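Input: a single structure, listed below in C-alpha coordinates.
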Amino acid sequence: MGKKKRSEEENGVEIDSEKKKKKKKKKERKATEIEEKKAKEEIPTISIAVPGSIIDNTQSLELATRLAGQIARAATIFRIDEVVVFDNKSSSVNEDSPDDENESGSAFLIRILRYLETPQYLRKALFPRHNSLRFVGLLPPLDAPHHLRKHEWAPFREGVTLGEKATISGGTMVDVGLILPHQIVSLSKPRDEAGMYWGYRVRYAASISLIFKGSPYKGGYDYLIGTSEHGLKIKSSEISLPKFKHLLIAFGGLAGLEESIEEDVSLKGKTAREVFDSYLNTCPNQGSRTIRTEEAIFISLQYFQEPINRALQKAQS
(Lines give C-alpha, C1' and ligand atoms only; values in the text may rest on other atoms or scores of the structure.)
Protein backbone atom coordinates (compact mmCIF):
# COMPACT_ATOMS: atom_id res chain seq x y z
CA MET A 1 0.00 0.00 0.00
CA GLY A 2 2.84 2.35 0.92
CA LYS A 3 4.66 1.61 -2.31
CA LYS A 4 1.53 2.24 -4.37
CA LYS A 5 0.98 5.58 -2.67
CA ARG A 6 4.59 6.64 -3.26
CA SER A 7 4.30 5.65 -6.92
CA GLU A 8 1.18 7.77 -7.31
CA GLU A 9 2.95 10.72 -5.70
CA GLU A 10 5.95 10.31 -7.99
CA ASN A 11 3.66 10.22 -11.02
CA GLY A 12 2.00 13.40 -9.77
CA VAL A 13 5.40 15.11 -9.47
CA GLU A 14 6.35 14.00 -12.99
CA ILE A 15 3.06 15.29 -14.45
CA ASP A 16 3.46 18.59 -12.57
CA SER A 17 7.06 18.92 -13.81
CA GLU A 18 5.95 18.26 -17.39
CA LYS A 19 3.27 20.93 -17.09
CA LYS A 20 5.84 23.43 -15.85
CA LYS A 21 8.13 22.63 -18.78
CA LYS A 22 5.30 23.13 -21.26
CA LYS A 23 4.31 26.38 -19.57
CA LYS A 24 7.91 27.60 -19.66
CA LYS A 25 8.24 26.72 -23.37
CA LYS A 26 4.96 28.51 -24.10
CA LYS A 27 6.24 31.64 -22.31
CA GLU A 28 9.54 31.52 -24.19
CA ARG A 29 7.73 31.08 -27.52
CA LYS A 30 5.44 34.02 -26.73
CA ALA A 31 8.43 36.19 -25.75
CA THR A 32 10.16 35.28 -29.03
CA GLU A 33 7.02 36.16 -31.00
CA ILE A 34 6.80 39.53 -29.23
CA GLU A 35 10.46 40.28 -30.00
CA GLU A 36 9.98 39.31 -33.66
CA LYS A 37 6.89 41.51 -33.85
CA LYS A 38 8.78 44.42 -32.32
CA ALA A 39 11.62 43.96 -34.83
CA LYS A 40 9.14 44.02 -37.72
CA GLU A 41 7.40 47.11 -36.33
CA GLU A 42 10.66 48.94 -35.55
CA ILE A 43 10.47 52.42 -37.01
CA PRO A 44 13.48 53.15 -39.28
CA THR A 45 15.78 55.97 -38.18
CA ILE A 46 17.55 58.67 -40.18
CA SER A 47 20.85 60.15 -39.01
CA ILE A 48 23.00 62.92 -40.44
CA ALA A 49 26.73 63.49 -39.91
CA VAL A 50 28.11 67.04 -39.96
CA PRO A 51 31.74 68.20 -39.58
CA GLY A 52 32.49 70.46 -36.63
CA SER A 53 35.03 72.32 -38.80
CA ILE A 54 32.23 74.37 -40.39
CA ILE A 55 32.06 76.36 -37.15
CA ASP A 56 35.80 77.12 -37.28
CA ASN A 57 35.31 78.92 -40.59
CA THR A 58 32.79 81.47 -39.24
CA GLN A 59 33.87 85.06 -38.60
CA SER A 60 32.09 85.67 -35.29
CA LEU A 61 30.30 83.97 -32.42
CA GLU A 62 26.95 85.34 -33.64
CA LEU A 63 27.43 83.89 -37.15
CA ALA A 64 28.56 80.57 -35.69
CA THR A 65 25.40 80.49 -33.55
CA ARG A 66 23.17 81.25 -36.53
CA LEU A 67 24.88 78.47 -38.54
CA ALA A 68 24.27 75.96 -35.74
CA GLY A 69 20.66 77.15 -35.57
CA GLN A 70 20.18 76.42 -39.29
CA ILE A 71 21.41 72.85 -38.82
CA ALA A 72 19.08 72.36 -35.84
CA ARG A 73 16.13 73.68 -37.86
CA ALA A 74 16.93 71.41 -40.82
CA ALA A 75 17.23 68.36 -38.53
CA THR A 76 13.85 69.12 -36.97
CA ILE A 77 12.00 70.01 -40.18
CA PHE A 78 13.07 66.75 -41.82
CA ARG A 79 12.49 64.61 -38.68
CA ILE A 80 16.12 63.58 -38.21
CA ASP A 81 16.65 61.17 -35.30
CA GLU A 82 20.37 61.65 -34.72
CA VAL A 83 22.96 64.32 -35.53
CA VAL A 84 26.59 63.16 -35.43
CA VAL A 85 29.18 65.94 -35.19
CA PHE A 86 32.56 64.69 -36.33
CA ASP A 87 36.15 65.91 -36.58
CA ASN A 88 38.57 65.26 -39.42
CA LYS A 89 41.30 64.16 -37.05
CA SER A 90 41.15 61.84 -34.06
CA SER A 91 41.37 64.51 -31.40
CA SER A 92 39.13 64.13 -28.37
CA VAL A 93 36.64 66.86 -27.57
CA ASN A 94 35.54 67.73 -24.05
CA GLU A 95 31.90 68.58 -24.72
CA ASP A 96 31.45 70.08 -21.24
CA SER A 97 34.62 72.16 -21.20
CA PRO A 98 34.25 75.31 -19.05
CA ASP A 99 36.95 77.03 -21.13
CA ASP A 100 34.86 79.42 -23.23
CA GLU A 101 37.74 80.83 -25.26
CA ASN A 102 39.24 77.53 -26.45
CA GLU A 103 36.05 75.58 -27.18
CA SER A 104 36.43 73.69 -30.46
CA GLY A 105 34.00 74.01 -33.36
CA SER A 106 32.65 70.52 -32.67
CA ALA A 107 32.07 71.18 -28.96
CA PHE A 108 30.36 74.49 -29.79
CA LEU A 109 28.08 72.91 -32.39
CA ILE A 110 27.15 70.04 -30.04
CA ARG A 111 26.31 72.50 -27.25
CA ILE A 112 24.03 74.65 -29.44
CA LEU A 113 22.31 71.66 -31.07
CA ARG A 114 21.55 70.10 -27.68
CA TYR A 115 20.41 73.41 -26.21
CA LEU A 116 17.95 74.07 -29.05
CA GLU A 117 16.59 70.51 -28.96
CA THR A 118 15.84 70.77 -25.23
CA PRO A 119 12.34 72.04 -24.30
CA GLN A 120 12.49 75.64 -23.10
CA TYR A 121 11.27 74.88 -19.57
CA LEU A 122 14.21 72.50 -18.97
CA ARG A 123 17.07 74.61 -20.34
CA LYS A 124 17.82 76.53 -17.16
CA ALA A 125 18.24 73.29 -15.21
CA LEU A 126 20.34 71.52 -17.84
CA PHE A 127 22.51 74.29 -19.30
CA PRO A 128 24.59 76.53 -17.00
CA ARG A 129 25.62 79.98 -18.25
CA HIS A 130 28.21 79.68 -21.00
CA ASN A 131 29.74 82.16 -23.46
CA SER A 132 28.79 79.91 -26.40
CA LEU A 133 25.11 80.42 -25.57
CA ARG A 134 25.30 84.22 -25.64
CA PHE A 135 23.41 84.62 -28.95
CA VAL A 136 20.96 81.70 -28.81
CA GLY A 137 18.15 84.17 -28.08
CA LEU A 138 18.45 85.39 -31.68
CA LEU A 139 17.61 81.97 -33.12
CA PRO A 140 14.13 80.89 -34.22
CA PRO A 141 12.67 78.13 -32.03
CA LEU A 142 12.57 74.57 -33.35
CA ASP A 143 8.89 74.34 -32.42
CA ALA A 144 9.20 70.55 -32.29
CA PRO A 145 6.30 68.41 -30.97
CA HIS A 146 8.03 67.88 -27.61
CA HIS A 147 8.48 71.64 -27.13
CA LEU A 148 5.03 72.00 -25.62
CA ARG A 149 3.59 75.45 -25.02
CA LYS A 150 1.84 76.40 -21.78
CA HIS A 151 -1.66 75.82 -23.15
CA GLU A 152 -0.77 72.54 -24.90
CA TRP A 153 -1.35 69.01 -23.63
CA ALA A 154 0.23 65.80 -24.88
CA PRO A 155 0.47 62.24 -23.53
CA PHE A 156 4.24 62.74 -23.11
CA ARG A 157 6.41 65.53 -21.68
CA GLU A 158 10.15 65.64 -21.10
CA GLY A 159 11.35 66.27 -17.57
CA VAL A 160 14.40 66.55 -15.34
CA THR A 161 14.82 65.09 -11.83
CA LEU A 162 15.02 67.64 -9.04
CA GLY A 163 17.68 65.84 -7.00
CA GLU A 164 17.79 63.39 -4.10
CA LYS A 165 16.27 65.83 -1.59
CA ALA A 166 13.14 66.35 -3.70
CA THR A 167 11.47 63.04 -2.88
CA ILE A 168 7.91 62.02 -2.12
CA SER A 169 7.16 58.63 -0.52
CA GLY A 170 10.44 57.20 -1.72
CA GLY A 171 10.02 58.55 -5.29
CA THR A 172 11.91 61.39 -6.97
CA MET A 173 10.24 64.63 -8.07
CA VAL A 174 10.55 65.45 -11.76
CA ASP A 175 10.13 68.92 -13.30
CA VAL A 176 8.03 68.62 -16.47
CA GLY A 177 7.06 72.27 -16.67
CA LEU A 178 3.63 71.64 -15.13
CA ILE A 179 2.21 70.19 -11.93
CA LEU A 180 0.53 66.94 -12.93
CA PRO A 181 0.64 63.24 -12.15
CA HIS A 182 3.02 61.39 -14.42
CA GLN A 183 4.74 58.10 -15.13
CA ILE A 184 8.37 57.89 -16.30
CA VAL A 185 8.88 56.27 -19.70
CA SER A 186 11.84 55.93 -22.07
CA LEU A 187 12.65 58.71 -24.54
CA SER A 188 11.93 56.36 -27.42
CA LYS A 189 8.36 55.55 -26.36
CA PRO A 190 6.63 58.60 -27.98
CA ARG A 191 8.26 57.71 -31.28
CA ASP A 192 7.99 53.92 -31.14
CA GLU A 193 4.49 53.63 -29.77
CA ALA A 194 2.75 56.86 -30.76
CA GLY A 195 4.63 57.61 -34.00
CA MET A 196 5.49 61.12 -32.77
CA TYR A 197 8.65 62.89 -33.85
CA TRP A 198 10.49 63.47 -30.58
CA GLY A 199 13.52 65.48 -31.61
CA TYR A 200 17.08 64.44 -32.42
CA ARG A 201 19.93 63.11 -30.31
CA VAL A 202 23.46 64.52 -30.68
CA ARG A 203 26.63 62.43 -30.69
CA TYR A 204 30.34 63.23 -31.19
CA ALA A 205 32.77 61.25 -33.37
CA ALA A 206 36.50 62.05 -33.36
CA SER A 207 36.88 60.89 -36.99
CA ILE A 208 34.71 59.85 -39.88
CA SER A 209 35.25 56.11 -39.28
CA LEU A 210 34.06 56.53 -35.68
CA ILE A 211 30.74 57.79 -37.02
CA PHE A 212 30.05 54.24 -38.19
CA LYS A 213 31.78 52.37 -35.35
CA GLY A 214 30.02 54.37 -32.65
CA SER A 215 26.49 53.87 -33.95
CA PRO A 216 24.03 53.58 -31.02
CA TYR A 217 21.82 51.23 -33.02
CA LYS A 218 22.01 47.46 -32.80
CA GLY A 219 23.80 46.25 -35.93
CA GLY A 220 24.89 49.81 -36.80
CA TYR A 221 23.77 51.78 -39.85
CA ASP A 222 22.66 49.50 -42.65
CA TYR A 223 22.84 52.11 -45.44
CA LEU A 224 25.37 54.94 -45.81
CA ILE A 225 25.01 57.92 -48.14
CA GLY A 226 27.78 60.45 -48.79
CA THR A 227 27.07 63.82 -50.41
CA SER A 228 29.57 65.69 -52.57
CA GLU A 229 29.89 67.77 -55.72
CA HIS A 230 32.08 64.88 -56.94
CA GLY A 231 29.30 62.36 -56.37
CA LEU A 232 27.06 60.71 -58.93
CA LYS A 233 24.62 63.10 -60.62
CA ILE A 234 21.18 61.52 -60.64
CA LYS A 235 17.63 62.82 -60.33
CA SER A 236 15.92 62.28 -57.00
CA SER A 237 13.06 60.48 -58.76
CA GLU A 238 15.52 57.93 -60.19
CA ILE A 239 17.06 56.95 -56.84
CA SER A 240 16.01 53.60 -55.44
CA LEU A 241 17.01 53.12 -51.82
CA PRO A 242 16.78 49.63 -50.32
CA LYS A 243 14.72 48.85 -47.22
CA PHE A 244 16.69 50.17 -44.27
CA LYS A 245 16.52 50.18 -40.49
CA HIS A 246 19.10 52.89 -39.83
CA LEU A 247 20.08 55.29 -42.62
CA LEU A 248 22.98 57.74 -42.33
CA ILE A 249 23.58 60.75 -44.62
CA ALA A 250 27.02 62.37 -44.31
CA PHE A 251 28.04 65.91 -45.25
CA GLY A 252 31.56 67.22 -45.76
CA GLY A 253 33.22 70.47 -44.72
CA LEU A 254 35.17 72.99 -46.77
CA ALA A 255 37.29 70.31 -48.49
CA GLY A 256 34.49 67.73 -48.62
CA LEU A 257 34.20 64.18 -47.31
CA GLU A 258 37.21 63.19 -49.40
CA GLU A 259 39.57 65.05 -47.07
CA SER A 260 38.00 63.47 -43.98
CA ILE A 261 38.49 60.00 -45.45
CA GLU A 262 42.11 60.71 -46.47
CA GLU A 263 43.00 61.90 -42.94
CA ASP A 264 41.40 58.90 -41.22
CA VAL A 265 44.01 56.17 -40.64
CA SER A 266 41.26 53.56 -40.28
CA LEU A 267 40.16 54.27 -43.86
CA LYS A 268 43.64 54.48 -45.38
CA GLY A 269 43.61 53.70 -49.10
CA LYS A 270 39.83 53.82 -49.41
CA THR A 271 37.88 56.20 -51.61
CA ALA A 272 34.59 57.87 -50.76
CA ARG A 273 32.77 55.56 -53.17
CA GLU A 274 34.13 52.57 -51.25
CA VAL A 275 33.18 53.96 -47.84
CA PHE A 276 29.57 54.82 -48.73
CA ASP A 277 26.86 52.69 -50.29
CA SER A 278 25.82 55.71 -52.38
CA TYR A 279 27.91 58.78 -53.13
CA LEU A 280 25.71 61.47 -54.66
CA ASN A 281 25.70 65.03 -55.93
CA THR A 282 22.37 66.33 -54.62
CA CYS A 283 22.60 69.69 -56.38
CA PRO A 284 23.93 69.19 -59.92
CA ASN A 285 24.33 72.21 -62.24
CA GLN A 286 24.79 74.59 -59.32
CA GLY A 287 25.17 78.26 -60.15
CA SER A 288 27.52 79.08 -57.29
CA ARG A 289 31.03 77.59 -57.25
CA THR A 290 30.42 76.46 -53.68
CA ILE A 291 27.51 75.23 -51.62
CA ARG A 292 27.92 75.78 -47.91
CA THR A 293 27.36 72.76 -45.64
CA GLU A 294 24.31 74.29 -43.94
CA GLU A 295 22.83 74.91 -47.42
CA ALA A 296 23.74 71.40 -48.56
CA ILE A 297 21.88 69.90 -45.60
CA PHE A 298 18.60 71.61 -46.51
CA ILE A 299 19.03 70.84 -50.23
CA SER A 300 19.97 67.19 -49.66
CA LEU A 301 17.33 66.37 -47.09
CA GLN A 302 14.66 67.66 -49.44
CA TYR A 303 16.31 65.78 -52.32
CA PHE A 304 16.10 62.50 -50.36
CA GLN A 305 12.47 62.89 -49.25
CA GLU A 306 10.94 60.95 -52.14
CA PRO A 307 13.52 58.12 -52.20
CA ILE A 308 13.24 57.70 -48.41
CA ASN A 309 9.45 57.61 -48.52
CA ARG A 310 9.55 54.99 -51.28
CA ALA A 311 11.96 52.86 -49.22
CA LEU A 312 9.72 53.16 -46.15
CA GLN A 313 6.69 52.08 -48.17
CA LYS A 314 8.65 49.01 -49.33
CA ALA A 315 9.39 48.14 -45.70
CA GLN A 316 5.71 48.37 -44.76
CA SER A 317 4.50 46.22 -47.66
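Tabulated values for the structure
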item	result
Computed FRET value (nearest 0.05) for GLU262 with SER188, which takes r as the C-beta separation and R₀ as 35 Å	0.45
Largest to smallest accessible area among SER132, SER60, SER237 [probe 1.4 Å]	SER237, SER60, SER132
Segment 263-317 shape via C-alpha gyration tensor axes, a/c threshold 1.5	oblate
Shape call, segment 187-253: gyration tensor on alpha carbons, a/c limit 1.5	oblate
Label-point separation, ILE77 to ARG149 (7 Å along Cα→Cβ), nm	2.1 nm
Theoretical gain in end-to-end length, GLN286 to LYS235 [0.36 nm per residue, Cα-Cα removed]	17.0 nm
Inter-label distance, nm, simple model (7 Å from Cα along the C-beta direction), LEU63/GLN302	2.4 nm
Inter-probe distance in nm under a simple model that places probes 7 Å from Cα toward Cβ, at ARG134 and LYS213	3.7 nm
Solvent exposure of segment 194-246 as accessible area per residue, Å², 1.4 Å probe	49 Å²
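The values are calculated or read from the model by the stated rules, or taken from the named source; none is laboratory data. Not measured: the values here are computed from a predicted model. Heads up, the Cβs are rebuilt from the backbone with ideal geometry, glycines too, and the neighbour counts pull from every protein chain shown. Remember, those area values only see protein heavy atoms, side chains included, never the ligands or the DNA or RNA. Shrake-Rupley method; radii C 1.70, N 1.55, O 1.52, S 1.80 Å.
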